[in-house]
Each structure stands twice: as structure tokens, then as C-alpha cells.
Amino acid sequence: MAWILIGTFIALILVRVPVSIAIGAATVLTFATSDFSSAMQIIPQQMLEGVNKASLTAVPFFIMAGNLMNATGVTERIFAFANALVGHLKAGLAQVNILSSMIFAGISGAAVADCAGLGAIEIKAMRERGYKPDFAAAITVASSVIGPLIPPSIGLVIYAFLAQQSIERMFLAGLVPGITVGLALMLYVRLRAGFEEFPTQPRATPREVVGTARHGFAALVAPAIILGSILFGFVTATEAGVLACVYCIFLGIWYRELTLAKFKQALSDTAMMTSVIMIIIAFSIAMGWLLAIDQTPQKLADWTFSLTENRNVFLALLLVFIILVGCVVEGVPAKLILVPTLLPLIDAYGIDRVHFGIIIQLGLLIGIATPPMGIGLYIVSEVGRVRFEKVTMAVLPMLLPLFAVLILLTYVPQIVTFLPDLVLGKQ
């Protein structure tokens, strides 16, 4: 069953069938050709049971928060503040791009929202100041990887649900890695600026820095409000998503940017994206049930142990595998398929589940900036009006710092685990 299931899914992905349809079609075909062909009602039963989980209610609220940010002018204020802070550095607007993504990540936690919302502003500003369009688009998609690492994060909510970990612990685990990715990209840009000529701009005066900070203060404190309310126990992760939405609505009214039309559009976009994610989750649960019945996780564990019992060698193989999957399958469906299958193997090698969550999160995130299926490449190509081929070539060297951080986090797990252990205690 596993060969039919996985083979059909990969074949459909390669012919560019949407992921939600590919998972569903592969699952139904496998059921139809198995011993369960007379019990097809298992599919809807597994689907409904899979999505009927309280922890998943956080997903639509964080999606909504990101859409509201784009509708209420919050992204422009974040960009203005970052520009005043680091815009005078060499390749300043590229550094602004990265810093803006780090701030934006603390509210939205979605790479797609970063690419589509901040990306349009950042690419336009960089083009106007003389940056090459392909470089502007490439640094935008590379920095969007930060978003789903720094809490709140939709991807980490889904992983916590799959791995039976607390959302609070996963959020804390993603904070330091997210900042590390941002610093690595800023270092890469600084080193590259030493060999290439990039446009420069004057240093902002202290008055201008204070002015942009005051102008966007309410937007800048949003990450602290959202994360702080979770960590201090005032709200659950789901309630924090609601809080983020309410706060973004408040900002829209305060800034006089939120209109009824924009609000309706944000609701529509949220409903569409949530529907797709929930359909993928539902079909993935049914797919996971089939793999469990076929004892695929146990067979995979036995096969892997026959290759190597060395934990470090296994981690190297795991990284290569995750990156290859991330190149052809988007993060959420890939996680839904891989996590239940790999968890027994992770436990067998004594790898912390929180540590593994960050490894797979970043490994699959790099896929959004990796050809040929990287969705981020298509988004920035569209919003920046840059040919896809040019964006692809420009982003390739920017993958190096991302890979370097991924390897560092894989082999130094304390970078991931020390903060959640410090705040919440060891598991």
C-alpha cells in the first residue's frame, strides 16, 4: 500500500496537480486497490476525526492576522521603521528587507504573507533606489523563511499537533533559530556588499528613527503582546490568534486604513487559505492511517537502522531527505505526511521531538525558496514583476546561509532547546 500511495502522490505532484487533490486522489486510489476497498467510509471518518482538534483552531486566526496586517498598513510602518534603523548600512535596503521580515514574523508567522505583503513594498522600494529587480525579489523570498520560525507560526502549530508537543514549547524553540537565520542573511548581504556595488542612502537622524518608531509603535509591540500573553498564561495559542486578529483590527481603525472592502477581502483570503490547509490535513490523516496499517514507520525504522546506527550519520541523511522533499512538496502537506512516519525513527535515535520540529520546519521552509516548486519564488516573481528564471538564479547563492544555519541547528540542539527548557522546564 505504501508504494502505491507514495508513488501516486509523487506522480501527481510531478505533473503539477495541486497538493490537496494529489493527496486525496492518492489516498482514495490506495484504498480502492487495498483490502479496505469495501470500507471506503473509513476515509471521511478519518478526515473528520483528524481535523476535529482544538489546537488546529489557531491556524485560521493567525492566517487572518497576517491578512489584516497587509490590509491595515501595518507592513508599511514596519518597513519604515526598519529602514530608519539599518537603511544606511551597505546594501541597506537589503538589510531592511531582512529586518522587516523578522519583525513581521512576530505577528503573522506565515511565509506567504511575508512574500505577498511586505514583498510588494520591499521590491518596489529597492527597484526605485537602483537595486536589480532579481536581487530584490531573491532577498525577499530568502528572508521570508524567517516568518514561520519566529512565533507565532502556523507551521509550528501543525507540528505541535502532529508530534503531541505543547504549542508554547514549539514557539519558544523557534525564536532563537528564527533570529539566527535573520542574522545569517544579514551577514551574507554585508559580505556580498564588500565585493559588489549596491545603492546607499543617508543615515537616518535620531529624530527620524524616533519618529518612525512612534508612528509604528502600536504595530511594533504586537509581537511582544502576542507572545507575552501566551508565555505568561493569559491566553492559549488559539486565543492568542484571536487576540492578534482583534489587535490588527484595532490598528486598522486607529490608523484609519481598514475599510469594509479590505476587511471582506481579508476574510475571503483567510477562508480560502484555511480551507486548503484543512483539506490537506484531513486527507493527510487518512493517508497516515493507511501508512500505519501497512506498518510503514516500523519498516522505515528497520531499514534505516540497517544502514547506520550512528545518530550523526542519520541526521545527515535526514537533512538531505527533508531538503529534497521541500523542493517538490510544500511545507504543510510535507510535514503532515512525514512527521507521523518519521517520529518512531526520531524516538529510536533519541532525538528530541522539539529539536526535530525545528529541523523539519526550517528544512521544508528552505523549499519555498528552492526551485522548481518553491511557492515563494512564484509569489515574488508575480508581485515584483520579475521573470521566474532570473529570480531562481539570483536566489541560489542566498540558500548557502540558510543551509549553514540548518546544519548548525541540527548538530547543536541546545540552540533550539535551551530557551523552552529555561522558561518551561525540561520535559
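The values are calculated or read from the model by the stated rules, or taken from the named source; none is laboratory data. Just so it is clear, the structure is predicted and the values come from calculations on it, not from any experiment. Glycine gets a Cβ as well: all are built from the backbone with ideal geometry, and neighbour counts include every protein chain shown. Heads up: the accessible areas ignore ligands, DNA and RNA and are worked out on the full protein's heavy atoms, side chains in. Shrake-Rupley method; radii C 1.70, N 1.55, O 1.52, S 1.80 Å.
Please state which one of Phe198, Phe171 is assigned to a loop (DSSP other than H, G, I, E, B) and touching a residue at least 12 places away in the same chain (Cβ under 8 Å). Within the list Phe198, Phe171, the selection yields Phe198.
Val405 meets the conditions (1) at pLDDT below 90; (2) more than 28 Å from Met278 (Cβ to Cβ); (3) under 22 Å from the mean Cα position of the chain (by Cα); (4) buried (at least 20 other Cβ atoms within 10 Å of the Cβ) in every case but one. The failed one is (1).
Among the criteria (1) touching a residue at least 12 places away in the same chain (Cβ under 8 Å); (2) closer than 22 Å to Leu89 by Cα, the one Ala218 does not fulfil is (2). Scan the stretch 202-232 for residues that are in a loop (DSSP other than H, G, I, E, B) and either open to solvent by 90 Å² or more (accessible area, probe 1.4 Å) or out of contact with any Lys or Arg (no Cβ under 7 Å at 6 or more places or on another chain) (or both) and the total you get is 6.
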